[in-house]
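**Q** The structure's right below; bear with me while I get my questions together.
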Amino acid sequence: MRPALRTALAALLGLVLLGPPLPGSRAAEDQDGRPVVVEAVVEGAVSPAMTHYVARVIRTAEERRAQAVVLQLDTPGGLVSAMRLLIKHILGSQVPVVVYVGPEGAQAASAGVMITLAAHVAAMAPGTNIGAAHPVGTGGQDVPGEMAKKVTNDMVAYARSLAQRRGRNADWAEKAVRYSVSLPATEAAAEGVVDVVAPTLEALLDWIHGRKVSVAGGEWTIRTKGAELVRVEPSFRDRILGTIANPNLAYILLMIGLLGIYFELSHPGVVLPGVVGAISLILAFFAMQTLPISLAGLLLIVVGVALFLMEIWITSYGLLSLAGVGCLTVGSIMLFDSPEEGLRLAWTTILATVGVISAFFLAIIFLVVRAQRSKPRTGAEGLIGQKGTVREWTGRRGKIFIRGEIWNAEADHELGAGDQVEVRAKEGLTLTVRKEG
């Protein structure tokens, strides 16, 4: 047997007998033999878009057999559901996940506290802070009654569980939830809330080199000395989802969609407003799947639009329009059910959008009502009150020229050719006129 063939068979037999290398022994290196560390910047409100992005970053690190994933975190908090799913990805990661609260001035508040506690390594940059994880209700107020106890106790248990799993200060984690306490970076490290304060990412990689952590696949010794940093940028899908998941944009898309559909229904065949409205509604509903939407708020907005439409056919002396403005305003305030600043509508957006929408519908209503009350300007009915000239006349009958047409006419007095007359009535194809002046 040839030596090369014997070597290949021996390697194959060894792979079958020994199996794939254990996670702690994997040599995560690039083509130059350097270890690889995957980096990602995670900022803004915790949302499904962020969760999808972090999941892709972790998956990329696993595929590249990276030594670690570094998530540079800066968040005011966000959705509990998105936070829990993101933490599941961290806990199930096959490679160590390092959460680095940075750069200077960044924060890990509310849901960011839980994400930091769940990390295999938790680090903070100088000048950052962590804490204030007390659960609150819509608009930032405390959750009332027994529900407050249930929500708080559930979150306390979750925070303590994460802290104990990583060997961090579980008592402080409970205080962060119950009493909204916060700590600056140096005190957080001193109290065992995070592992280290690192001024730079390079300093952090030097500090974690040789550290042993427990990942989903077993024990892992992190090797980051001389590591190559590979940044994973948000994909086009992540950017689109992150952009339209902004509640202000989703709200504006919803309003544009309602306007477009209304315009298409009231003016069939125009096509463009209907197409734009349908696309806007699809994007708005897609964004609302990732946002904490209130069904009551959405229904109030729809009722508000319906009230504006009813004003066209029902004489209410403006009461329906006022009710429509009220429904739009209240529905807009209630639309997104979240205490987090990044997941609520801005007041400027609400006032500007409600003002524009209300002005649009009121202008349409005004034009429709004016058209309904105005005298007919076309057809036979539009001839009443119009001026014409006598072309020929005999006795009390003759022909007149009016609006480019010759009409039969009659009057109760004599007229002569060239006289100016005014149409008083119409019966069949004959006009009743009288001499002007």
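**Q** On a full-extension model of 0.36 nm per residue, what is the gain between ILE314 and GLU202, subtracting their alpha-carbon distance, rounded to one decimal in nm? Please list the in-between numbers first.
**A** Details: separation 112, 0.36 × 112 = 40.32 nm, distance 7.01 nm.
Length gained, ILE314 through GLU202: 33.3 nm.
**Q** Now for a different question. Ranked highest first by the average count of other Cβ atoms within 10 Å around their residues, in what order do 230-241, 205-216 fall?
**A** Ranking, from highest mean packing down: 205-216, 230-241.
**Q** Out of residues 5 or more away from SER182 or on other chains, whose amide H comes under 5 Å of its own, with H placed 1.01 Å from N in the peptide plane?
**A** ALA132
**Q** How long is the gain from ARG178 to ARG239 if the chain were fully straight, where each residue apart is worth 0.36 nm and the alpha carbon distance is subtracted?
**A** Working: separation 61, 0.36 × 61 = 21.96 nm, distance 3.48 nm.
Using 0.36 nm per residue and subtracting the Cα-Cα distance, I get 18.5 nm.
**Q** Short version: ³J(HN,Hα) in whole Hz for each residue of the stretch 386-396, in order, from phi by Karplus 6.51 cos²θ - 1.76 cosθ + 1.60 (θ = phi - 60°), x for Gly and Pro, what are they?
**A** So the J values, rounded to whole Hz, are 7, 9, x, 10, 6, 8, 8, 8, 9, x, 10.
**Q** Using a 7 Å offset from Cα along Cα-Cβ at GLU187, what residues in the stretch 94-136 end up with backbone N under 12 Å from the label point?
**A** 129-132
**Q** Which value in nm describes the separation of the simple spin-label points at ARG231 and ARG391, placed 7 Å from the Cα toward the beta carbon?
**A** Result for the modelled spin labels: 8.3 nm.
**Q** Across the stretch 409-415, in residue order, what do the Karplus-derived ³J(HN,Hα) couplings come to in whole Hz, using 6.51 cos²θ - 1.76 cosθ + 1.60 with θ = phi - 60° and x for Gly and Pro?
**A** Residue by residue, the stretch 409-415 yields 9, 9, 8, 8, 8, 5, 9 Hz.
**Q** Can you give the FRET efficiency to the nearest 0.05 for LEU249 and PHE401, using r as the Cβ-Cβ distance and R₀ = 56 Å?
**A** Using R0 = 56 Å, I get an efficiency of 0.40.
**Q** Considering amide H positions built from the backbone, and no H for Pro or chain starts, which residues 5 or more places from ILE293, or on another chain, come under 5 Å of its amide H?
**A** Here ASP337 satisfy the definition.
**Q** Further question: What does the net charge come to around GLY127 if you take all other residues with beta carbon closer than 13 Å to its beta carbon, with K and R at +1 and D and E at -1? Could the numbers behind the result be given before it?
**A** On the way: positive: none; negative: ASP74, GLU104, GLU187.
Taking every other residue near GLY127 into account, the sum is -3.
**Q** Let me ask something else about it. Looking at the calculated P(r) for the stretch 22-234, what percent of the C-alpha pair distances fall above 27 Å?
**A** 26 percent
**Q** Hey, rough spin-label estimate for GLU219 and LEU272, points 7 angstrom out along Cα→Cβ, what's it come to in nanometres?
**A** 7.0 nm
**Q** Express in nm, to one decimal, how much length is gained between ARG434 and ALA417 on full extension, taking 0.36 nm for each residue of separation and deducting their alpha carbon distance.
**A** Residue separation times 0.36 nm, minus the Cα-Cα distance, leaves 4.8 nm.
**Q** Give the calculated FRET efficiency between GLU427 and LEU367 to the nearest 0.05, with a Förster radius of 30 Å applied to their Cβ-Cβ distance.
**A** 0.40
**Q** Given a Förster distance of 35 angstrom, what is the FRET efficiency for LEU351 paired with LYS149, based on the Cβ-Cβ distance and rounded to 0.05? Working shown, then result.
**A** Details: r = 37 Å, r/R0 = 1.05.
That gives a FRET efficiency of 0.45.
**Q** On to the next question. Please list the non-local residues whose amide H lies under 5 Å from the amide H of SER93, H modeled 1.01 Å from N, same-chain partners needing a gap of 5 or more.
**A** It is ALA216, by chain and number.
**Q** Quick one: net charge of GLY210's neighbours, Cβ under 12 Å, K/R +1, D/E -1?
**A** Net of charged neighbours comes to +3.
Quick note: the coordinates plus some simple rules give every number you see, no bench work behind them. For clarity, every value in this text was computed on a predicted model and none was experimentally measured. Neighbour counts are summed over all protein chains in view; Cβ atoms, including those assigned to glycine, are modelled from backbone coordinates with ideal geometry.
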